[in-house]
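Each remark here refers to the structure printed beneath this line.
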Amino acid sequence: MFHLIITCDYELPGGGQGDVRRHMIEPTRQLLRVCEQHGAKLTIMAEVGELWAFEKAENAAFKKHIGYDPVFLIKQQLREAVQRGHDVQLHLHPQWINARWSDTCWILDYKHYNLSDFEDDEMVALLRRGKDSLESMLRPCCADYKCVGFRAGQWNTKPSQRYLTALRDAGLKSDTSVFKWGHRYDGGADFDYRDAFSNVLAWYSRMDDINQPTTQPTILEVPIATESVRYPRMLTPRRLWLGMNFLREDLETRAAIDNAKGVQAHTQRRAVKLRRFLQRYPRKLDFCKLTGREMSSSIEALINQCRDSRDCLPIPLVMIGHSKEIRNPRELCIALGRAAKRGGGDLLFSTYRNFVEKYIEAVALKPKSND
């Protein structure tokens with residue numbers, strides 16, 4: 001059975017320059033409505049670092065500056081979402097851990113842009129704190145709620161051994177950061193998923209290499225669904241519009257990382273960009289960047305790719321999007337409408353947590369090999 005899992009990274013634009021109501025609350029409200037219209041479920045990947053920064057007493061001036069209480073609105077929306085049958089899982093951009101509000105803007109800690117910029121025990125403590133924060137917030141309104149999964153900020157999961165060990169020691173069951181064929185190094189983001197086991201199928205990761213599978217019940221990797229396409233196919237109006245809107249944000253973030261870490265990767269960046277233009281590119285199943293027709297076509301192509309792989313194990317089709325990038329969820333509405341009407345009975349809407357639990361259960365029930 002294929003599980004269509006709609007995940008949304010719930011966060012402000014980089015640098016904290018956006019507005020919580022505009023870039024998080026209202027877009028997510030629209031997403032919830034569209035999902036419910038078609039019987040689908042949304043999984044909100046809640047950026048807890050921002051929430052913790054908003055809650056700090058020393059950052060109280062932020063609330064006065066914007067004229068409303070962002071913590072109340074965020075917690076209210078997350079609680080209402082799980083009450084309505086949706087899901088919330090863990091997401092974290094580490095630069096928010098030591099963030100402070102200064103007059104009219106956020107000052108982020110770019111020395112800690114990756115989770116691995118912290119010591120091992122600090123990594124575990126942050127992940128455990130995030131898991132505990134979500135469970136203490138959501139269990140009063142959904143008694144069986146569990147935080148089982150994590151998505152790394154900027155998909156940074158290096159080095160695998162430290163990253164996966166931290167997830168395990170924090171009590172998390174799974175990760176959903178990998179997208180096959182993706183690779184990037186620009187002084188901040190640092191990942192390489194070209195050798196990932198699959199662009200669709202889930203796997204238990206080897207502790208020393210998140211890309212490779214093991215038969216041991218380690219951290220379950222639930223990859224973001226991708227297709228390999230020629231770079232020109234990425235140059236669509238929707239992508240170009242988003243790229244132009246976030247270009248300044250990206251440049252400012254990279255400059256801040258360079259300044260904080262003393263990184264000089266500009267020459268490497270130009271070389272990487274040139275190679276990317278000449279090579280194939282991982283096109284994620286992104287509901288902010290694809291049209292309804294493109295999403296539907298990708299879903300069918302990924303299902304057809306995996307038909308021979310179906311056995312007793314569930315297969316995820318993980319969609320991704322960002323609340324800050326949503327203009328109008330009309331295209332997602334089109335794709336979900338088509339998914340709901342498709343025949344075959346082999347595709348169902350699922351939350352992230354529901355998939356993880358079903359997969360773990362299926363693995364436990366699967367007959368052992370005699371090899």
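Which of the residues spanning segment 192-247 are out of contact with any Phe, Trp or Tyr (no Cβ under 6 Å at 6 or more places or on another chain), at pLDDT below 65 and under 19 Å from Q154 (Cβ atoms)?
Listed by number, the residues that qualify are R239, L242, G243, N245, F246, L247.
Which residues, counting only those in segment 182-219, are polar (S, T, N, Q) and either farther than 27 Å from D308 by Cα or in contact (Cβ under 8 Å) with a residue 12 or more places away in the chain (or both)?
S198, N199, S205, N211, Q212, Q216, T218
Within segment 341-364, which residues are β-branched (V, I, T) and more than 22 Å from the chain's Cα centre (by Cα)? Before the answer, list the steps.
Kept after step one, since they are β-branched (V, I, T), are these residues of segment 341-364: 351, 356, 360, 363.
Passing the criteria: only V363.
The values are calculated or read from the model by the stated rules, or taken from the named source; none is laboratory data. All of these numbers come straight from a predicted model, not from anything done at the bench. Note that each Cβ is placed from the backbone with ideal geometry, even for glycine, and that neighbours are counted across all protein chains shown.
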